[in-house]
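None of the figures in this text is laboratory data; all of them are computed from the coordinates on show. Remember, predicted model here, so these are calculated numbers, not experimental data. Backbone-built Cβ (ideal geometry, glycine too); neighbour counts: all protein chains shown.
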């Protein structure tokens with residue numbers, strides 16, 4: 001479940017705590033969590049509703065001007081769901097990606113994870129070599145659809161190895177340390193990635 005950047009401040013301060021989506025099947029469930037650009041969200045409720053069930057209060061809590069604004073932003077196909085949530089803290093991946101000191105256990109765990117995914121190292125090295133490059137261009141360089149490429153980057157981000165920028169991505173301190181320490185075993189080291197544009201949380 002994605003949120004437009006205009007809603008990120010409201011997610012951070014808790015004023016945005018409701019979302020409406022049309023789905024073929026839910027992508028979140030009560031009791032689960034969701035990583036967002038504003039931090040970690042706890043999912044409190046996921047309910048099937050009708051358009052008439054959308055209230056003015058819920059529309060406001062979703063960051064919309066009114067009910068009509070909510071309806072305008074919905075897909076035309078799929079079951080309508082109302083999702084209630086609250087922010088529980090910072091995205092744990094932020095602290096993880098800043099951990100540039102890798103002990104033997106960390107390195108072994110990452111090496112095993114990367115070794116099981118044949119595309120992981122090429123994607124990680126490409127991002128290291130081309131920080132701040134739009135995903136469309138990076139995907140084309142690897143012969144991938146943009147959506148597939150972005151899904152792969154999200155898996156690397158979950159390992160704390162990459163982070164998103166306003167445009168494109170960069171290798172995190174953890175990712176750079178991994179490439180530096182594991183480069184000999186896994187292949188050639190990446191190009192120097194010390195030039196680090198400002199990250200997006």
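Ranked highest first by the average count of other Cβ atoms within 10 Å around their residues, in what order do 156-165, 58-67 fall?
156-165, 58-67
From Cα pairs below 8 angstrom and at least 6 apart in sequence, can you work out the relative contact order of the chain, rounded to a whole percent? Rounded, it is 20 percent for the chain. Cα extents for the chain along the principal axes, largest to smallest and rounded to whole angstrom: 61, 33, 30. Can you classify segment 81-191 as rounded, prolate or oblate using the Cα gyration tensor, where a ≥ b ≥ c are the square roots of its eigenvalues, rounded means a/c under 1.5, and otherwise it's prolate if a/b beats b/c and oblate if not? Oblate is the answer for segment 81-191, as a/c is 1.5 or above yet b/c matches or exceeds a/b.
Shape analysis of segment 5-90 based on the Cα gyration tensor places the equivalent ellipsoid semi-axes at 20, 16, 11 Å, largest first. With R₀ set to 25 Å, the beta-carbon distance separating residue 86 from residue 24 gives a calculated FRET efficiency near 0.45.
Where only DSSP H runs of four or more residues are counted, the chain gives -11000 deg cm²/dmol as its mean residue ellipticity at 222 nm, each run worth -39500 (n - 2.57).
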